[in-house]
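Reviewing the structure listed below.
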Amino acid sequence: MLGLTIAGAVLLVGALCALALPNNRARAAAALSTQGLALVITLGSVFPVLAGGPALAESWALSYPLDVVSGEVDALSSFFIAWSLPMTLLGTLYAVGYLQRSFEEGRNGGPHFALLNIIALSFLIIYGSRHAIIFLLGWELAAVSAWLLVIWDYKNQKVRFSAFNYLVSTHVGLLVLVAAFMYLHGQTGSMDFAAFGRTLGVSSGGRSFVFLLLGASFALKSAFFPVHSWLPRAHSAAPAHVSALMSGVIHKAGLFAFLRFTLLIGEPEEWMGWLVLLFGALSALFGVVYAASQRDLKRLLGYSSTENVGIAAMGFGVAYLGLCWDQPALVALGITGGLLHILNHALFKCLLFYAAGAVYRSTHTVDLERLGGLLRRMPRTGWLFLVGALAIAGIPPMNGFMSELLVYAGLLGQTAPGSVENAALVSAAALLGFVGSVSALAMVRAFGVAFLGSPRDSAVTDHGDPPATMLLPMGLHAAGVVLLGLAPSVGVAFIRPVVVLFHSGAAGMAAVDDVLSPLQWACRGLVVGIVVLGLVGWRLGRGARRHVTWGCGYTAANPRMQYTGSSFSQPFVEIFESLSPQRWRVKLSGKIFPPASGHLEVHVADAVEGRIFEVLGRGEQLFVRAAAAIPEQPRYAFGAGLVVLVVLVGLLVAGGVP
Amino acid sequence: MGLALLPWLMVGLINRTKARWAGRLGPPLLQSVYDVLRLCRKRPVYSETTTAIFRLTPYVGLAATLAAALVVPIIGFRPLWSFSFDFIWLAYLWGLGRAALMLGALDTGSSFEGMGASREATFATLVEPALLLVMGALGATTGTTSLMGAVSQGAHSIEALVAWGASLFALLVVVQAEGARMPVDDPTTHLELTMIHEVMVLDHSGPELAAIQTTAALKLTLGVSLIAALLNPWTGSGPAATGLVVHLLLMVMIAVVIGTIESLWARFQLPVLHRYLFMAVVGGAVALLATTWQGGGL
């Protein structure tokens, strides 16, 4: 633990330096160097735990009200720390290039870089602490730092609103989490997670209540259905690297905490597993259906985050059921699938956001309807985006396929005790198949409309590929995507000690290896086949002539006639209108040769958020009407307030507060 | 030798059947082979709008379909390679092939090809859950998790028979969707009202078009082979020679059936086509329900 404490101190020093130093170059250097140093120290401390060694544990005796603060870094924490810190470093490196224009205009990057260091520090606190108050401190630190990072462009009112929406949502989650911790403190008298385990380990009504509270809080943090709508909004407002870090790294803290409390629960009840599976499936479904119809590239990626977090949760639901049915293979498949998907998602989501940021930096728009043909002018960004897009659609041989495969293996393995449960799992697998194919639609649309074809809006000019500080993080993430696609056992090796924590052990991991090993070879064979056939085809195509695209005899084609993003998704959105309602603003004359220019605008609003606010609004109306019905008597108001105060104080005194 | 020509024989059989229904003699059975060889000799023409994606995606699709052919029991009694959850590998390889085709289509910057890609993407979303439901249901009947295990089950009871029949129907619709057959798609035209797949290859020429036609023939053969393996009572058990002969005969029969359906039915209108594809999902769900009933639930 000493290593982690030193790393934390280094990060703090780096943050202070970033605030204090005179010019942006020095501030960036301070942030990058301290993050790098902290990374090295942390990995050195954490790798032995991941290699199967004992957990790092330490306790500090402080005075009231914290008493003894204990920290423990076991395999689960180590897994999350091991990739969170490197990705934060890469994000900081990306920020140097991305924000360069703002720096040239004279903006002070000190707070921004300091906040990136603080985020890395908050990871150490969240993943390492075992004391509820310190955990909440880290949680809140991450949330507020993320908020401050999002409002880099604070002069824009839309950005301020989106960030405020995020802030309120995350604090609602915090309130629920505090409520859960307060209940547990009331039951156990201590703030330590190990003590919480005494209540959580015993099946009771209180445990179910706390499980629901914790689940709600972590669902809000990680943007599950139905509380996901703040995520796409925040992502389209934030700078690209902040969106990448939020989506890929920060919001996984919710899933980490979920697993941490699962370990404390020990053997969950069956309804908990089904609930997790259900909400995972719904998040995946709604996330992907909305992703297929967005025109803002970053909003699309935000909805796709909800989808992927849903897939990981489906894996965790499978693991819950395995814990309940005493099936170590199922537990291993579920946990490995979920955790591997979290890691894969961090890799390809950051890559995609970095590429989207490069597009924005080059063209000053991320509106799919105005982009096109970027692959020719930004080839490196384009090809890297393609790698990420294929990975997120779960297409072999990239890494998304491997983790989704493990979740499939858990769902279709026929390990359920009854045929009805088996049918439910098979239905979930079919839903996952649907989600996979819609995700392929969304990603082919995003890549195809933005990068292929010709530019759809001639007013959009681009400035080519981004500088090396932005390309390097993208390249490294892409390398990780390809590596984990061709050799997922590398990722699984880091997850093995985590599965051991769930008492699954060797039998369970053997099931995972049985599923993965033939497919690893199949994927490698596929890549070899693609390379060979590609080379053959390239040779056959030499000496080709160039001409314009065949227009079926129509000779006056122009780029405005291409299929746009909304046209591509129109058939799909029409079929699934009930899930994602559209709003059309139309002014068309209806004649074949229209006398004047027409206008068509299609918007897809988030129906889930709309419904939630509709219900809240109706509740508020009820409340206002009820409050208006109470007659106003100012003379008695003071007396009534005094009576209420006396009663409250009396209750508190009776309850034993000193 | 015959095995290598099997995909083109399938396409040739379907075209012959359609021709006979139309009162014509029809092209030679191996016409597609002559077409592919002719295309390979030609010099391709690339559009100025396209990039390397256009040149590479036909071969990516071909590689994906060849990889998928490894796990499908083409020759009746055994696929070349069978492992757990290979049907997921199959489904996602089809997804790779589809994504490659769509990217090649979008690369040309043509509104026509974008239209085809959009329709293809939409209808594929309905087909994939059907395949997984069928495999899940059949796997639950036999207690296996591989493609070979799923199709080599016999019908031992009423529920198993219902599951088997529903799976057959679902697989037939899946093959019609994936193989671009009526009533999902018309493989002979690329006009706006009638096309999905044909228009995505409008700009391809020469060796790329040959690769795409090979891929299409191979995909159709894989689908037909799956159905034949499910129909064949000797799949996975019994004498190998009998299984092989019966499998080939069944494939011929299914090709003739597909050709007949193409000759007698028109393509469904686009606004209602998704309902037909959804029937495949319903078929898979019926198979799953029958399996659950048999397993003692409900």
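Observations on the structure shown:
- For B:Ala241 and B:Met279, a Förster radius of 41 Å and the Cβ-Cβ distance give a FRET efficiency of 0.65, rounded to the nearest 0.05.
- The calculated 222 nm mean residue ellipticity attributable to helices in chain B amounts to -24000 deg cm²/dmol, summing -39500 (n - 2.57) over DSSP H runs of n ≥ 4 and dividing by all residues.
- Modelled FRET efficiency - R0 30 Å, A:Leu600 with B:Leu270, Cβ distances, 0.05 increments: 0.95
- Residues A:Asp462, B:Asp86, A:Asp326 arranged by fewest to most Cβ contacts within 10 Å: A:Asp326, A:Asp462, B:Asp86
- Summing charges over all other residues whose Cβ lies under 15 Å from the Cβ of B:Ala266, with Lys and Arg as +1 and Asp and Glu as -1, gives 0.
- The P(r) of the stretch B:27-105 has a tail past 17 Å containing 62 percent of all C-alpha pairs.
- The angle between the Cα long axis of helix B:31-41 and the main principal axis of chain B comes to about 40°, on a 0 to 90 degree scale.
- Inter-site label distance for A:Ala479 and A:Phe613 at 7 Å from Cα along Cβ, in nm: 4.5
- Sites counted here are trypsin sites (Lys or Arg not before Pro) in a DSSP loop (not H, G, I, E or B) having no more than 11 other Cβ atoms within 10 Å; the longest part of chain A that contains none of them is A:156-541.
- Our note on the geometry: Cα centres of the stretch A:552-624 and the stretch A:70-133, 39 Å apart.
- Averaged over the residues of peptide A:524-533, the number of Cβ atoms from other protein chains lying within 10 Å of each residue's Cβ is 5.
- Most to least packed among A:78-87, A:566-575 [average Cβ atoms within 10 Å]: A:78-87, A:566-575
- Looking at the protein assembly as shown alone, DSSP beta bridges between its own residues are antiparallel in about 85 percent of cases.
- Contact order normalised by residue count of the stretch A:40-95, Cα under 8 Å, 6+ apart, percent: 33
- For the protein assembly as shown, Kirkwood radius (reciprocal of mean inverse C-alpha pair distance, Å): 29.5
- Per residue, the convex hull spanned by the Cα atoms of the stretch A:1-131 measures out at 95 cubic angstrom.
- Rounded to whole numbers, the Karplus 3J(HN,Hα) couplings from phi for the stretch B:257-267 are 4, 4, x, 5, 4, 5, 7, 9, 10, 8, 6 Hz, using 6.51 cos²θ - 1.76 cosθ + 1.60 with θ = phi - 60°, and x at Gly and Pro.
- What separates the Cα centres of the stretch B:1-78 and the stretch A:456-495 is a distance of 35 Å.
- Between the alpha-carbon centres of the stretch A:182-205 and the stretch B:231-255 there is a gap of 63 Å.
- Ranked by the mean number of other Cβ atoms within 10 Å of their residues, highest first, the peptides A:279-285, B:156-162, A:119-125 fall in the order A:119-125, A:279-285, B:156-162.
- Mean partner shielding of peptide A:367-379, defined as the number of other chain Cβ atoms within 10 Å of each residue Cβ, is 1.
- By the beta-carbon count within 10 Å of each Cβ, the least crowded to most crowded order of A:Ser589, A:Ser145, fewest first, is A:Ser589, A:Ser145.
- Compactness of the stretch B:200-256, expressed as Rg and Dmax over alpha-carbon positions, Å: 15.3, 48
- For the stretch B:139-296, the extents of the C-alpha atoms along the principal axes are 52, 38, 28 Å, listed from largest to smallest.
- Mean partner shielding of peptide B:97-105, defined as the number of other chain Cβ atoms within 10 Å of each residue Cβ, is 5.
- The sum of -39500 (n - 2.57) across all DSSP H runs of n ≥ 4, divided by the residue count of chain A, sets its helix-only mean residue ellipticity at 222 nm to -24500 deg cm²/dmol.
- Applying a DSSP loop filter and a limit of 12 other Cβ atoms within 10 Å to the GluC sites (Glu not before Pro) in the stretch B:31-130 leaves B:Glu48.
- Chain B - convex hull of alpha carbons, volume per residue in Å³: 127
- Dividing the mean sequence gap of close Cα pairs (under 8 Å, 6+ apart) by how many residues the stretch A:533-658 holds gives a relative contact order of 14 percent.
- Put a dot 7 Å past the Cα of A:Asn156, heading toward its Cβ, do the same for A:Ser59, and the two dots end up 5.1 nm apart.
- Taking a sphere under 14 Å around the Cβ of A:Val69 and counting the other residues whose Cβ falls inside, with K and R at +1 and D and E at -1, yields a net charge of -3.
- The length gained on full extension between A:Ser190 and A:Ala637, counted as 0.36 nm times the residue separation minus their Cα-Cα distance, comes to 156.9 nm.
- Scattering curve values for the stretch A:83-191, log₁₀ I(q)/I(0), Debye with Cα scatterers, q = 0.13 Å⁻¹: -0.60
Values in this text are rule-based calculations from the coordinates and carry no lab data. This one's a predicted model, so the numbers in the text were calculated from it and none came from an experiment. Here the Cβ is made from the backbone with ideal geometry for all residues, glycine too, and neighbour counts use every protein chain on show.
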